[in-house]
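Peer 1: Take this structure first; my questions come after.
The values are calculated or read from the model by the stated rules, or taken from the named source; none is laboratory data. Keep in mind the model is a prediction, meaning the values are calculated, not measured. Quick reminder, even Gly has a Cβ in these numbers, built from the backbone with ideal geometry, and neighbours come from all protein chains shown.
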Amino acid sequence: MKYEKIAQLKTVQQFRERLQELGISLPCDDDILTADAGSPLGEQLAWGPLTAGNRWTIHPMEGWDANHDGSPTELTIRRWHNFGLSGAKMIWGGEAAAVQPDGRANPRQTMAIDSNIAGLAKLREAAVSAHQDAFGSADDLIVGLQLTHSGRFCRPLPDHQMRPRIAYHHPLLDAKFQIKPDDDSVVWTDEQIEDLIDSYVNAARLARQVGYQFVDVKACHGYLLHEFLSARLREGKFGGDFEGRTRVLKTIIRRIKSELPGLEVGVRLSAFDFVPYQQGDAVGQPMDFSGCLPYQCGFGSSSDNPLEINLDEPIRLIRELGELGVIGVNISCGSPYYNPHIQRPAIFPPSDGYQPPEDPLIGVARMIHVARQCKEAAPNVTMVATGFTYLQDYLPHVAQAIVREGWIDSVGLGRMVLSFPELPADTLLRGEMKRKKVCRTFSDCTTAPRNGMVSGCYPLDAFYKEMDEAKKLRDLKKAQVPTGA
């Protein structure tokens, strides 16, 4: 299925007309405003006791490029350096750091463990120093570290084989990822969860020791703490009802807050989820869930129809997180492993994905509207929204409009920063977008690591264009069935 490409829309008016054709309601400014011209994105923002100098946020991004012991390579440090150069004043976790070795999503993931404390310090220093050099001060810059365990999607060893550690047996995901439904050896026991909580607290201690202002306790994208939020099929104190399913997340937060004074906590949250998708005859389609109704494996979805959003529980959780003293919630959705079109809208799918079943603009709008609903329901919780990259040339036009209208507090950037790291600074200082650097969502940054290569923007970043992996990636894509749209 073909969708009209954003790059072909040459004016704001053409972009608005495309939104109208799709029945999408999003505010969109005529011009990119500088901070001096009154851009809402240039305003300060309180994150609990911390203050960021503007409303741009950089999302955590793994590069699959650390050393096997979790310490950073030059590629890892270069990415954090670019985060600092971006001009964004909130770096939300920077990198997903596994809290113990078995929790890595890939064998070259950063780790927040005792032996890598020097590496964690290097990453933070790279961002802070670059920001200081570029903008004269880092006093209004907030830098955090994202803490994670990959759960169902662990690939911790160099053979890249999945070694899942799951919260419960999910009938569809077990089938999709070849987990035997009677294999309880991969299911966490309550005792093992208690040890895992200790690992999170220790990782947070390391982050505080080297100067991070906060840690993000990651609960999104199908990873372990997100999976626990839907663990209705799990028995015991960490499953079943809402209190049980949120207990791991809230226990980690309470312990960090009580044991590590001065270190703040945020949560990146998948506020809604759909069932797993797979490639159909032409486009991606949901796996057959008719035998799973009422659907017991969703968080933020309807039990009667898991393709419909129900925010009752996510909003309840966000309010409770606010009461626990988190500095903010970063609103995301779904998982790149089993329904990437809702979590990472793109016109070109990654090699392990599927053709999008909807115009990606619909996915962008869905995420923004969900973030708006969460903000309206929990106005006292600072929130950042996700999913803006596919807006491409018109990203700042929409971003500054929704911040001005109070839909959200901060606008988060992910893939766009790989190709165009200085976007926040360019917009706020000069009111411009460099078209040649705008991410067109070719998904190479995902296809590469799915095939054992480091992640980066191979089409637009000259540094990655010159790597040997760039040719390997081109050859890989040529050998595949064409995925253009």
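The rows are residues; the columns are (1) surrounded by 15 or more Cβ atoms within 10 Å (Cβ to Cβ); (2) modelled with pLDDT under 95; (3) among the aliphatic types (A, V, I, L, M).
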residue	(1), (2), (3)
Ala231	yes, no, yes
Asp241	no, no, no
Glu259	no, no, no
Asp273	yes, no, no
Pro286	yes, no, no
Cys292	yes, no, no
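Peer 1: Also: Inside the stretch 355-472, counting only helices (runs of 4 or more DSSP H) that do not spill past its ends, which hold 3 or more residues that are within 21 Å of the chain's Cα centre (by Cα)? Break it down into steps so the answer makes sense when it comes.
Peer 2: Values: elements: 360-377, 395-404, 415-419, 444-450, 462-465.
Because the criterion is at least 3 residues that are within 21 Å of the chain's Cα centre (by Cα), the helices (runs of 4 or more DSSP H) in the stretch 355-472 that meet it are 360-377, 395-404, 415-419, 444-450.
Peer 1: Would you point out which residue out of Asp281, Asp273 is under 30 Å from Ser351 (Cβ atoms), acidic (Asp, Glu), in a loop (DSSP other than H, G, I, E, B) and touching a residue at least 40 places away in the same chain (Cβ under 8 Å)? Lay out the reasoning, then the answer.
Peer 2: Values: Asp281 fails: touching a residue at least 40 places away in the same chain (Cβ under 8 Å).
Of the residues listed, the single one that is under 30 Å from Ser351 (Cβ atoms), acidic (Asp, Glu), in a loop (DSSP other than H, G, I, E, B) and touching a residue at least 40 places away in the same chain (Cβ under 8 Å) is Asp273.
Peer 1: Can you tell me which residues in the stretch 373-404 are in contact with a Phe, Trp or Tyr (Cβ under 9 Å, 6 or more places away or on another chain) and under 12 Å from Ser332 (Cα atoms)?
Peer 2: If the condition is that a residue be in contact with a Phe, Trp or Tyr (Cβ under 9 Å, 6 or more places away or on another chain) and under 12 Å from Ser332 (Cα atoms), then Val384, Ala385 are the ones that fit.
Peer 1: Please go through the stretch 365-380 and pick out each residue that is crowded, with 20+ Cβ neighbours inside 10 Å and either aromatic (Phe, Trp, Tyr) or in contact with a helix residue (DSSP H, G or I) (Cβ under 7 Å, 6 or more places away or on another chain) (or both). So that I can check it myself, show each step before the final result.
Peer 2: Of the residues in the stretch 365-380, the ones crowded, with 20+ Cβ neighbours inside 10 Å are 365, 367-368, 370-371, 374-375, 378.
Scanning the stretch 365-380 gives Ile368, Cys374, Ala378.
Peer 1: Anything in the stretch 387-406 that is farther than 18 Å from Ala346 by Cα and either charged (D, E, K, R) or without any contact (Cβ under 8 Å) to a residue 60 or more places away in the chain (or both)? List them, or say none.
Peer 2: Of everything in the stretch 387-406, those that are farther than 18 Å from Ala346 by Cα and either charged (D, E, K, R) or without any contact (Cβ under 8 Å) to a residue 60 or more places away in the chain (or both) turn out to be Arg404, Glu405, Gly406.
Peer 1: Scan the stretch 1-49 for residues that are farther than 30 Å from Phe348 by Cβ and either surrounded by 15 or more Cβ atoms within 10 Å (Cβ to Cβ) or of a type in the set (Phe, Trp, Tyr) (or both) and jot them down. Reasoning before the result, please.
Peer 2: The initial filter retains those residues of the stretch 1-49 that are farther than 30 Å from Phe348 by Cβ, namely 33-40, 42-49.
If the condition is that a residue be farther than 30 Å from Phe348 by Cβ and either surrounded by 15 or more Cβ atoms within 10 Å (Cβ to Cβ) or of a type in the set (Phe, Trp, Tyr) (or both), then Leu33, Thr34, Ala35, Ser39, Pro40, Gly42, Glu43, Leu45, Trp47, Gly48 are the ones that fit.
Peer 1: Which ones in the stretch 131-153 are over 16 Å from Thr57 (Cα atoms) and among the hydrophobic types (A, V, I, L, M, F, W, C)?
Peer 2: Result: Ala134, Phe135, Leu147, Phe153.
Peer 1: Can Ala130 be described as among the small types (Gly, Ala, Ser) and more than 20 Å from the chain's Cα centre (by Cα)? So that I can check it myself, show each step before the final result.
Peer 2: Values: among the small types (Gly, Ala, Ser): yes; more than 20 Å from the chain's Cα centre (by Cα): yes.
So Ala130 fits the description; yes.
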